[in-house]
Amino acid sequence: MGKRNLAETIRETTRRHLEEENGLLLGQSVSAVGWVNGTVPDTRGIVELPMTDVAGAGFAVGAAMVGRRPFFVIRFQDFLVLNGSPLINYAAKVKELHGQSAPVFIRAIAAEGIGPVHSTVLHGMFMHFPGFKICAPMSPGEYEKIYTSFMKDDDPYYVSEHRFAYQNKEEFEDIIRDDADITIFLASSPRLFAAEASKTLEKEGTKCNIIHLLWLKPFTCSEAVIRGLKKSGKGLVIDAGHEICGASRSIAYELGMASGVMVHALGLKDHTKCLCPPLQNKAPEVDEIVAKVRNILKLK
Amino acid sequence: MQRSCDLNVEKGIAESFSPETSLALWQKMCEVRYFEQGAVDAIKAGEINYQVYLSSGQEAAAASFSLCINKYQVFAQHRAHDIFLTFGAPPEMLRDELRGLPSGCSRGRAGSNCLQYHENGMHMYGHHGLIAENVPLGVGAALGNNKQTLCIFGDGSAEEDYVSPSLGFAATHKLPVLFVCMDNNYSILTKTEVRRSWNMNEVAKSYGLPAVDIADDPWTVLKHTRELSTQLPAFINIRVCRGYWHAGVGIDGTLEWDRFNMVKHELNELGLADKAAKIETSVCKKMEQIWAKEILLKPLEKQLEDI
């Protein structure tokens, strides 16, 4: 068997969780129509939830409180506006208030181009609330890393997945170079376009540091990265969520404070994600990333 | 069903219980009533500065639960001093939680409407202030560990979107959950009849749950709780009277019925007046000690040192 892609890794990680760790998986329509893009295994411990957004999240949190470490599958992150209440108000608060824990593994899955309430990335909204650990794994190795972390932890995890990455088999590597003109930090689906954007910019003579963000909260950054950012003199954080009050601006602020460098942000425009182009308001891909860097560097 | 103090209460039901049981019910009721009397006095004296949600008036039902299902994991509502005390959690920890002290049951961080206690075999989870959020949590816990579970909510909470599907999910998965609606006929001050045309018993029955609608006579509650505990998931609607406002120590006026004094009267009829009086005096004294001025007025630094 060759290397697993991300979807296969999620499925096999879940299988291990259900079969060997007494875990549970709860979600709506998880055992039908492709088993959530091939990410859900056909094994024990799967609970098909009725179409009860809000209550469904409550069931998952309750199961977490008695030690089942449930995977709670949200097929489209938009549905977390309804399901958010038990997660935000209970799971994320129970430790600080009562010293109890509710480690629920929220598989918050994003998509692109399928309309106003099936295409959104909401990890930025959840970053606002205390009590969550928030990550956006885009590779098989990253997924295994965050699962291992979850099993040693007692916090609820918001795992921001993106369907664009499900076929990915490759790992991402940061690039820090001495002659960089800008340091670009990327989270979620824009990471998949980083290499090509960087190549395009290099052809124009612009050299980029590329930093891949797996953990969005708590956000930490190595000394080497901060040195690279300082040396390049300019920064940019790119994310798949809305820019205003989103992960891109929040992390840009943290990086700016840590480095003293002006760090820009690029996320979605303050518009609805409509169904049809050119109004889809898609997450930044190559052209938009390149254009933003040119703009920051005042290039044509 | 017409709301009344004797709704589905069998005449003479108290006589079918042993004197020990009747007196144990009374003991539990007194613990809630006199603890809260101390809390009310402390609030009026300015010695508690946080919001409280008092159980007085409805303590009979909790007393009954504590005698027959006290090993259940409990997902309680905002008004839960009664469950906390009758199920055996230390009153001192509740007192200190109300005062925001580190010796409170949640280290003073959560307060009156968010009570939790997980010692001595008791597993009480409160909610965090969103009414009935505890209901799906309790159902999820029962799914997770298959332990018998008590979910309590009010007649206002029953209207929250997530309550009905919780009943349905428990029915589908045959989870061992007893759902209880403490029906005081008010959401803050809006009466049930103004808010909705349906009743929770019919909702529960429509999901296939056995359900009863009863007044808060403790012997009646005890009888039905015992019966339904073998048929879970099940639902009980209990008509109660709230002694104080939704929050705080305000009073609306004369109670529709005064269960505390009705039970005392019934104990007299059972020939248990002397024993009941002795219990009441003893509990009253204990709670006075818990709320003693020398404890409340001790400088905070000294209290923290003691802790």
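Every read-out reported here was derived from the displayed coordinates using simple, explicitly stated rules and does not represent laboratory data. The structure presented is a predicted model; accordingly, all values stated were derived computationally and were not measured. Methodologically, a virtual Cβ is constructed for each residue, glycine included, from the backbone with ideal geometry; neighbour enumeration extends over all protein chains shown.
So the values come out like this:
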read-out: Fraction of antiparallel bridges per DSSP, segment A:182-296 only, in percent to nearest 5; value: 0
read-out: Spread of Cα-to-Cα distances over 10 Å intervals beginning at zero, given as percent, for segment A:182-296; value: 15, 48, 31, 6, 0
read-out: Averaged over A:97-105, number of beta-carbon atoms from partner chains that fall within 10 Å; value: 4
read-out: With eigenvalues of the C-alpha gyration tensor scaled by 5 and rooted, segment A:41-114, Å; value: 21, 16, 10
read-out: Of the DSSP H helices in chain B, those whose Cα atoms cover at least 27 Å axially and whose Kyte score averages -1.0 or more; value: B:19-44
read-out: B:I188-B:K285 FRET efficiency (beta carbon distance; Förster radius 60 Å; 0.05 resolution); value: 0.95
read-out: DSSP-defined beta bridges in chain B - what % are antiparallel, rounded to 5; value: 10
read-out: Isotropic mean projected area of the C-alpha convex hull, chain B (nm²); value: 15.2
read-out: Sequence ranges A:242-250, A:286-294, ranked by mean other-Cβ count within 10 angstrom, highest first; value: A:242-250, A:286-294
read-out: Cross-link table A:K169/A:K217; B:K28/B:K264; A:K3/A:K169; A:K145/A:K217; B:K71/B:K285, entries beyond 18 Å C-alpha to C-alpha; value: A:K169/A:K217; B:K71/B:K285
read-out: Built amide H within the under 5 Å cut-off of A:F219, gap 5+; value: none
read-out: Amide H contacts of B:V74 (H built 1.01 Å from N, under 5 Å, at least 5 apart or other chain); value: B:H123, B:M124, B:Y125, B:L150
read-out: For B:122-134, mean number of other protein chain Cβ atoms within 10 Å; value: 3
read-out: Percent of C-alpha pairs per 20 Å bin, the protein assembly as shown, short to long; value: 19, 43, 27, 10, 1
read-out: Beta bridges per DSSP with both ends in the protein assembly as shown, % antiparallel, nearest 5; value: 10
read-out: Per-selection Kirkwood Rh - segment A:6-165 (Cα, Å, 1 d.p.); value: 15.3
read-out: Neighbouring partner chain Cβ atoms per residue of B:156-165, average, 10 Å criterion; value: 3
read-out: Cβ-based net charge around A:E21, under 11 Å, with every Lys or Arg adding one and every Asp or Glu removing one; value: +2
read-out: Percent breakdown of C-alpha pair distances by 20 Å bin, ordered from the shortest bin, for chain A; value: 35, 56, 9
